[in-house]
Structures are given as structure tokens and as C-alpha cells.
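Single-structure report; data block below.
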There are 2 protein chains.
Amino acid sequence: MGVKERRERQKEILRQEILNAARELFAKEGYENVSMRKIAEKIDYSPTTIYLYFEDKSELLRCLCEENFSRLLSRFEALKKECSSPLDCLKKGLHAYIEFGIKHPNHYRVSFMVHPEHPDDPDHYSNDSMGHRTFEVVKSIVEECIKQKIFRDQDTTMISQGLWAAIHGITSLLIVHPDFPWIDRNRLIEHVIETVTNGLKA
Amino acid sequence: MGVKERRERQKEILRQEILNAARELFAKEGYENVSMRKIAEKIDYSPTTIYLYFEDKSELLRCLCEENFSRLLSRFEALKKECSSPLDCLKKGLHAYIEFGIKHPNHYRVSFMVHPEHPDDPDHYSNDSMGHRTFEVVKSIVEECIKQKIFRDQDTTMISQGLWAAIHGITSLLIVHPDFPWIDRNRLIEHVIETVTNGLKA
DNA sequence: GTTTTTGATTAACAGTGTTAAGTCTAAATG
DNA sequence: CATTTAGACTTAACACTGTTAATCAAAAAC
């Protein structure tokens, strides 16, 4: 009866092969410049085969995004342990977020910069998506900052959403308009993080 | 010899008619959901006619964007006169920017949230684009804030780019993820503006 | 050995932005 | 007035896109 398992294994391998091809192509060429046919060609299968393993093109991306976010989440949780003060931790987290976006611009774009194609998907803003869990980590750090009277006492959800907005702003602008006459990027990133945390202080 | 002029006038009228149709459709359905054929149908011309008046689809949008930005710029310049303190002026300007984005989400998206399709276009980051001129107004207000010792003395370009990043962040997130469990939008917008300006204070 | 299931493919649909070639009308020229 | 010419517009087509229905071959189940 091991034949069924072998088949399952084979299917899983092909599924991963598709994801690998998609990951590489999306990262290099950008989501909307990669066609299903291109992905199929890369793995020497017919385009329609992909549809036996994934609902549609956007599902490919959603899988890859969860993958990436799970990595970002790990990074966040690691930071939480290796930092001295919660403020230090928060700043390093914000840094990590921006770096993450700049390093995976195409995945970042489709995660946060284009309308979700399936907004009714229960997974999208669900409580156990990687994005949500990452957000919860930020909130807990903010809470610690308030407890230690580093930040003045305000709603932690509001603060976290505000922080996210600011940090998303610089990340997305640097991604979309790399040729804009920015001042030195690192200095700008540093400045945004400093300003926005400074504005929260007690 | 008035025949040439009449022809020119006719051409200009059709050009405007195309822009009107595009403006309405883009605003309602979103740039990428509107095809050249749809625009053509709306004005009862063949799709190819549009190409006699505009380079390609993206040029339609660029024209409409300049239009909108010119309105935002007027708003900014008006504010500069009717405000008491430069800080008050700055905050109102940031508010106006966010409202502008939320009111014209489809135009905002293509201006700031998708890769420019012709980044080599000299008009794009040129010194007399509406976007650039708007940015210059912000810079002048920031400068005034520093002069009056409201803000501590830092590079005005850096501050302005940072402000833009933060404000763009909240704008774009509210546009792209309207279904995210935000706290009260107005409160969040208010909070971001307060935090980010607060962080710059002397 | 026959039937059923499964995995993959071919062909097609309906749509996209865009271009080359052709048509048709109204003005300019002889 | 007749003919040429210039300009505005359209038709047909190309090379794509995501996606689906129908088909086919091979392996598994009976």
C-alpha cells in the first residue's frame, strides 16, 4: 500500500517545483510580468498542469508570501530576545521590516501594494496569518515601551498601526520610485524611524 | 485660412473627450480594469483612434495625474495663505494630501504605488512636474517651522521626504487594504500626523 | 484482462495593448 | 470642374494574457 504514499510524495515534489520556479521568476521579473506559460516552460510542463496544483496565479503568490512572512516573523521573535530595551528592539524591528521589503520588492509589492484579488478570502486578514502574527509581536513590544514609561500611554493598536503606516510608506516609496532624488537612503530610513519613535515618547 | 484652426479645435475637443472618458472609467473601475476598447466604446470611436492622440495607455493616465496634482498644488498654496502658524499649515497640508489620495484612489495608486512604466521619461521627476512643485511647497513650510524654532534644525529635504513617506504610508494602506481591521480612520490619520510632526519638534 | 481512476496535455475562449495597412472624406491644387 | 493629396479614422491582425473543457495515455483496481 506504499504506492499511494509514493504518489503523494511525487505530487508534493512537483508542487514545490512549481513554487520554486514561480518564486525565482516573480522575484526577478515581477509578478505581473510573469505568465503562467513562463512558469510552466521553466519546469517543462504544460501551463494547465499548474492549475491542478494551484487555484490560480494569485494563489502561487499567496503561498510565497506566507513563506516570506514566516521568515520575517522568526526574525522579529529572535530580536525580541536579543535586545536590551524594548525601544531598541522596536527600532531594530522596524529596520528589519524595511530591509525585508527592499530585499523582496516583488513579494512586498503584491502583499501590501496591490488590491488583494480575493479580499473575501478568510485567510487574508485572519488571526493566524503570518502578517497578523507579526503585527501582534510589534504590538507586544509597543506595550512594553508603554509599561516602561518610554512611550506615553496610548492605544497600542493605534500606535502599532501608525508605526506600520510610516514604515510601510518609506519601504514602498523606495521600492516603487528608486530613481527619485532621495537623500542617502540609509540616512532617510534612520531618520524616519527616529522621528516616528521620538514622536511617541512620554 | 481659418480651416486649419477649426481642425485644430476639433482635434483638441476629441482629445478632451478621450480624457473625460478615461478619467471617468479609471476612477470607477481602476486603471488596469479599463481597456482601450472600453474607452473607445464610451466615446463611439475605434480603439486605434486613441493612439492618434496619445502614445499609449499610460500616457492617458499621466495626463490625468498632472491634472489632479495641479489641483492639489492649488490647495496647498491656498493653505499657505490662510493659516496662522507654519505648523498648523503643515498639518493641514498633510491632511489635504491624505484626503486627496483617498478621494482619488485610482489615480493615487498609479502615481505612487506602481512602478512608472516610463521611468526614463524626463517629465517624471522633472523640476516642473506638479508633483515636484507640490514637494517644494512642503519644503518651504518645513523651513519656516525650523526658522521659528518649532522644529529642531535638520535638513529640510530629509524632513520633507520623511514626512512624505509617513503620509504616503497611511494613505496607500487605507487605499489598498480598506478591509483591514483599522481603528477609526480619522483617529488613525490624526494620530500619524500628530506623531510624525511631534517627533520633529525642537 | 477489463474497467476505473489519475495526471498531464491539446485546443480553445475571451480578453489585452498595440501596429500596419487600408478606406473614405474633405480640402488643396491643377 | 476634375484630380490629387493630406488627414482622420477603421479594419484586421499580431502576440500576448489567465483560464477552462475535452481528450489522452498510463497506471491502479477489480
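Taking the stretch A:105-118 as the range and being within 16 Å of A:HIS132 (Cα to Cα) and free of Cβ contacts under 8 Å to residues at least 12 places away in the same chain as the test, only A:PRO116 passes.
Return the residues of the stretch A:24-41 that are more than 18 Å from A:TYR51 (Cβ to Cβ) and surrounded by 14 or more Cβ atoms within 10 Å (Cβ to Cβ); say none if nothing qualifies. Reasoning before the result, please.
Initially, the stretch A:24-41 is screened for residues more than 18 Å from A:TYR51 (Cβ to Cβ), giving A:24, A:27-30, A:32-33.
Residues satisfying the conditions are A:ALA27, A:GLY30, A:GLU32.
Against the list (1) out of contact with any Lys or Arg (no Cβ under 7 Å at 6 or more places or on another chain); (2) closer than 24 Å to B:VAL114 by Cβ, the condition A:LEU87 fails is (2). Does B:ALA27 fit the bill of being within 13 Å of DNA strand C (Cβ to nearest atom), closer than 19 Å to B:HIS107 by Cβ and outside the structural domain of B:PRO116 (by TED's automatic domain parsing)? No, not satisfied. Contact map, the stretch A:44-61: residues that are within 11 Å of A:ILE18 (Cα to Cα) paired with residues that are part of a loop (DSSP other than H, G, I, E, B), Cβ distance under 8 Å, separation 6+ or inter-chain. Pairs shown: A:LEU60/A:PHE54. Pairs meeting the criteria (first residue in the stretch B:80-104 and of a type in the set (Gly, Ala, Ser), second residue modelled with pLDDT of 95 or more and part of a helix (DSSP H, G or I), beta carbons under 6 Å, at least 6 apart or on different chains) are B:GLY101/B:THR171. Could you tell me whether any residue of the stretch A:53-74 is within 11 Å of DNA strand C (Cβ to nearest atom) and at pLDDT 95 or above? Scanning the stretch A:53-74, I find at least one residue that is within 11 Å of DNA strand C (Cβ to nearest atom) and at pLDDT 95 or above, so the answer is yes. Of the residues making up the stretch B:140-186, those that are facing another protein chain (nearest Cβ under 7 Å) and farther than 22 Å from A:ILE189 by Cα are B:VAL176, B:ASP179, B:PHE180, B:PRO181, B:TRP182, B:ILE183. Just give me the residues in the stretch B:170-191 being free of Cβ contacts under 8 Å to residues at least 12 places away in the same chain and touching a Gly at 6+ places or on another chain (Cβ under 9 Å), in sequence order. Across the stretch B:170-191, the qualifying residues are B:LEU173, B:HIS191. Selection of the stretch B:50-72 for residues being within 12 Å of DNA strand D (Cβ to nearest atom) and farther than 11 Å from B:ARG15 by Cβ yields only B:TYR51.
Can you tell which of B:SER84, B:SER46, B:SER70 is more than 14 Å from chain A (Cβ to nearest Cβ) and closer than 19 Å to B:LYS103 by Cα? Spell out the reasoning first.
Details: B:SER84 fails: closer than 19 Å to B:LYS103 by Cα; B:SER46 fails: closer than 19 Å to B:LYS103 by Cα.
Selected residue: B:SER70, the only one of B:SER84, B:SER46, B:SER70 that is more than 14 Å from chain A (Cβ to nearest Cβ) and closer than 19 Å to B:LYS103 by Cα.
The values are calculated or read from the model by the stated rules, or taken from the named source; none is laboratory data. Source: prediction; values computed, not measured. FYI the Cβ positions are ideal-geometry reconstructions off the backbone, even for glycines, and counts take in every protein chain you see.
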